[in-house]
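Here the structure comes first, spelled out in C-alpha cells, and everything after it is commentary.
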Amino acid sequence: METLIQVIVSGLTLGAMYAVGTIGLSLVWAALGMLNMAHGVLLAIGGYVSYTLATLWGLPPFLGLLASIVAGAIMGAALYYASVRRLNRHPAFEMNVIIATFGLSVAGENAILKIFGGYPYAQPFKAEGGFRLGGVHVPWHNLLIVGVAAVIMLVIAMVLSRTYTGRAIRATAQDREAARLMGVRVGAVFAQVLAIGGALAGLSGVLLSSITTLSPQVGFDPMLKAFIICVIAGLGNVAGALYMAFALGFFEAVIQFVIGVRFALPLMLLLVIVALIWRPYGVFGREDVSRL
C-alpha cells in the first residue's frame, strides 16, 4: 500500500509537470504545424527568471512564478515576429523552422550559461513540509505542483472553448485558409499561440526546477518527453496530449520504483516505437485519407 501511494503521488506530480509543457508544444503544432525546438530553452528561461527575482531581487517566489509566465509569453511572441513569421512564407517551412528554432535554442542555452554559469541552483519556489498518508510522507510541494497545473489547464481549456481568441485558434488549427476567409487574423493567432506555448514553458520550467535543480540544460529532457507524449497522443491533439502526459507520468513513476530511474527514458522511447507501430497517427489521432 505504501508503494502504491508513492507511485500515485509521484505519477500525479510528473504527469502535472509534463502536461503543462506538453500542452503548449501540442497547441503550437496544431495551429502552426511546427515543432518548436526552442521550447526547452523557453522552459529554462522561465526557471531563471523566477530564480533571479526571488533570490537576487528578494521578491516573493509566487511573484517569480508569475514573472516566469509573462517572460515565457513575451519570448514566445518574440520568436514568432523575429523568425517564424518570415519562415512561414517559405514552402519548406516545417524543416526550416526546426533548424531555426534549434539554432535559437543553442544560442539561448549558451547565453544562459554565460550569464549564470553552469552551476546548478535550487529553485526558491517551494512549499515546505508535508503530511503522512498511509505511512508515506507526502510533501506539500507535490500537491502545490498538481494544484497549479490543474488551475492552468482549466484556464487554457476555458480560453480555448469560451473566448474569441480560443475559437480563432481552433478555427486556424482546423483549416487555416478557411479561417482567413472568415476574417480571422491568422498571423495574430500564430503569435498568440506561441505566446501561450511560451507562457506554459516558463511555468513548466519553474515547476520542474523546483523538484530537481536549475541549470542551462534543464529544458532538454522535458522537451524530449513532451515531444514523446505529443507523438504517442497524435501530433496536434491537445486533449490527447493532456491524457497521455498523465499516463506516461504514472508509467515513469512505476518504472522508477520497480526497475530504476535510468530505465525510465529508454522504456518510454520503446513505448513510442510500439505505439507508432500499432497506430502510426497516434493513440488519439485520426488517420488522414486523401482521395484523388
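The values are calculated or read from the model by the stated rules, or taken from the named source; none is laboratory data. None of these values were measured; they are calculated from a predicted model. Positions of Cβ are backbone-derived with ideal geometry, glycine not excepted, and every protein chain shown enters the neighbour counts. All accessible areas refer to the heavy atoms of the entire protein, side chains included, with ligands and DNA or RNA removed. Shrake-Rupley method; radii C 1.70, N 1.55, O 1.52, S 1.80 Å.
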- Task: Tally the residues that are buried (at least 21 other Cβ atoms within 10 Å of the Cβ) and among the β-branched types (Val, Ile, Thr), restricting the search to region 232-254.
- Result: 2
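In this structure, does Ile98 turn out to be open to solvent by 20 Å² or more (accessible area, probe 1.4 Å), at pLDDT 85 or above and of a type outside the set (Gly, Ala, Ser)?
On the way: open to solvent by 20 Å² or more (accessible area, probe 1.4 Å): yes; at pLDDT 85 or above: yes; of a type outside the set (Gly, Ala, Ser): yes.
It is true that Ile98 is open to solvent by 20 Å² or more (accessible area, probe 1.4 Å), at pLDDT 85 or above and of a type outside the set (Gly, Ala, Ser).
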- Message: Let me confirm something: among Leu66, Leu43, Leu53, which residue is closer than 18 Å to Val155 by Cβ and assigned to a helix (DSSP H, G or I)?
- Response: Leu66
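If I filter region 194-245 down to residues being in a loop (DSSP other than H, G, I, E, B) and touching a strand residue (DSSP E or B) at 6+ places or on another chain (Cβ under 8 Å), which single residue comes out as nearest to Leu35 (Cα to Cα)?
Our first condition is that a residue be in a loop (DSSP other than H, G, I, E, B); within region 194-245, this holds for 212-213, 215-219, 234-237.
If we keep only those that are touching a strand residue (DSSP E or B) at 6+ places or on another chain (Cβ under 8 Å) too, we end up with 213, 215.
Working: Thr213: 26, Ser215: 23 Å.
This residue is Ser215.
Looking at region 109-152, which of its residues are more than 26 Å from Thr52 (Cα to Cα) and either in contact with a Lys or Arg (Cβ under 7 Å, 6 or more places away or on another chain) or outside any loop (DSSP other than H, G, I, E, B) (or both)?
Initial filter on region 109-152 (more than 26 Å from Thr52 (Cα to Cα)): 130-138.
Scanning region 109-152 gives Gly130, Phe131, Arg132, Leu133, Val136, His137, Val138.
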- State the number of residues belonging to region 136-172 that are open to solvent by less than 40 Å² (accessible area, probe 1.4 Å) and farther than 27 Å from Ser209 by Cα. 6
- Which one is most open to solvent (accessible area, probe 1.4 Å) among residues in region 24-82 that are over 21 Å from Val193 (Cβ atoms) and of a type in the set (Gly, Ala, Ser)? Gly58
- Contacts under 9 angstrom Cβ, first residue in region 155-178 being in contact (Cβ under 8 Å) with a residue 60 or more places away in the chain and closer than 11 Å to Val193 by Cα, partner open to solvent by 40 Å² or more (accessible area, probe 1.4 Å) and of a type in the set (S, T, N, Q), 6 or more apart: Ile169/Gln192
